[in-house]
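Participant: One structure, pasted below without further comment.
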């Protein structure tokens with residue numbers, strides 16, 4: 001495989017809550033509180049929450065089985081995950097939080113890198129607008145949870 005196909009999505013959005021309230025929700029355990037379809041199984045975590053070297057798994061009919069490793073952990077500022085998928089790709093999710101007035105500006109970056117011909121086909125089948133739309137939906141779900149303390153359901 002001479003060239004690994006890639007797909008990059010960078011979205012920026014604002015939330016009406018300070019980083020101290022936003023950051024704890026960017027956790028495989030806490031995401032069960034605000035993402036209706038989220039199903040994560042913790043493999044390794046001393047606290048049971050997001051932390052450096054936390055490992056968890058997810059399964060999705062579209063993406064297959066994924067193993068997530070927390071590779072960057074900077075409370076109230078940034079969190080990053082490297083994700084290994086059985087669909088033939090590796091991805092990175094990097095989230096940075098910047099104070100913005102009384103709220104938070106969120107920089108949500110995703111990068112998918114193929115590891116096989118299957119991964120190239122998976123990336124080629126993705127619509128970049130749909131990837132961005134998924135991030136915008138997560139922003140809406142997160143904002144709703146921060147504002148109401150409840151999960152937004154479709």
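The values are calculated or read from the model by the stated rules, or taken from the named source; none is laboratory data. Computed from a prediction, not measured in an experiment: that's the story for all the values here. When we count neighbours, we look across all protein chains shown, and the Cβ atoms used for this are built from the backbone with ideal geometry, even at glycine.
Participant: So which residues in the range 1-26 are closer than 14 Å to residue 145 by Cα and assigned to a loop (DSSP other than H, G, I, E, B)?
Facilitator: 16, 17, 18, 26
Participant: Of the residues 124, 63, only one is farther than 18 Å from residue 14 by Cβ, modelled with pLDDT under 95 and surrounded by fewer than 18 Cβ atoms within 10 Å (Cβ to Cβ); which? Steps first, please.
Facilitator: Numbers: 124 fails: modelled with pLDDT under 95.
63 is the lone residue from the list that is farther than 18 Å from residue 14 by Cβ, modelled with pLDDT under 95 and surrounded by fewer than 18 Cβ atoms within 10 Å (Cβ to Cβ).
Participant: Let me ask something else. Pick from the range 87-99 the residues that are surrounded by fewer than 19 Cβ atoms within 10 Å (Cβ to Cβ), touching a helix residue (DSSP H, G or I) at 6+ places or on another chain (Cβ under 9 Å) and free of Cβ contacts under 8 Å to residues at least 60 places away in the same chain: which of them is farthest from residue 124 (Cα to Cα)?
Facilitator: 90
Participant: Name the single residue that is nearest to the chain's Cα centre (by Cα) among those in the range 28-49 being in contact (Cβ under 8 Å) with a residue 40 or more places away in the chain and part of a loop (DSSP other than H, G, I, E, B).
Facilitator: Result: 28.
Participant: Out of all the residues in the range 69-79, is one or more farther than 26 Å from residue 13 by Cα and either modelled with pLDDT of 95 or more or in a loop (DSSP other than H, G, I, E, B) (or both)? Don't jump to the end; show me each part of the working.
Facilitator: Narrowing the range 69-79 to residues farther than 26 Å from residue 13 by Cα: none.
Checked the range 69-79: no residue is farther than 26 Å from residue 13 by Cα and either modelled with pLDDT of 95 or more or in a loop (DSSP other than H, G, I, E, B) (or both).
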